[in-house]
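This report refers to the structure that appears directly beneath it.
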Amino acid sequence: MLAAEGLLGHQHANSGWGTFVDDNRVGATAFMETLEPKDAVGAVKPSILQWKFIDEVAGRIDDAALRQAQQAKDAVRAYQLV
């Protein structure tokens with residue numbers, strides 16, 4: 001879904017439910033737990049909306065000014081820009 005929206009980032013949807021993230025395909029080792037969420041798209045949608053918000057906010061940052069503040073090691077100016 002994130003790729004379809006043109007957004008960077010990822011949403012874990014694998015079989016490491018509650019123990020670890022083992023990067024198996026979804027449902028590979030915990031099939032029944034994978035079926036339990038009634039609305040998987042609805043569960044992921046808030047994350048997509050959050051990524052859109054973050055992307056919109058990041059788009060308003062003056063990249064050149066931020067880079068200049070970082071190079072000058074001016075943390076206060078960098079904080080103000082963000």
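The values are calculated or read from the model by the stated rules, or taken from the named source; none is laboratory data. As the structure is a computational prediction, the values presented were derived from the model and not from experiment. When we count neighbours, we look across all protein chains shown, and the Cβ atoms used for this are built from the backbone with ideal geometry, even at glycine.
Overview of values
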quantity: Qualifying positions in the range 40-65 - under 19 Å from the mean Cα position of the chain (by Cα) and not in a helix (DSSP H, G or I); calculated: Gly59, Arg60, Ile61
quantity: One residue from Leu66, Leu35, Leu2 being modelled with pLDDT of 80 or more and surrounded by 10 or more Cβ atoms within 10 Å (Cβ to Cβ); calculated: Leu66
quantity: Condition met for Val76 (part of a helix (DSSP H, G or I), in contact with a helix residue (DSSP H, G or I) (Cβ under 9 Å, 6 or more places away or on another chain) and modelled with pLDDT of 85 or more); calculated: yes
quantity: Selection from the range 47-82 of residues that are at negative phi and of a type in the set (Lys, Arg); calculated: Lys52, Arg60, Arg67, Arg77
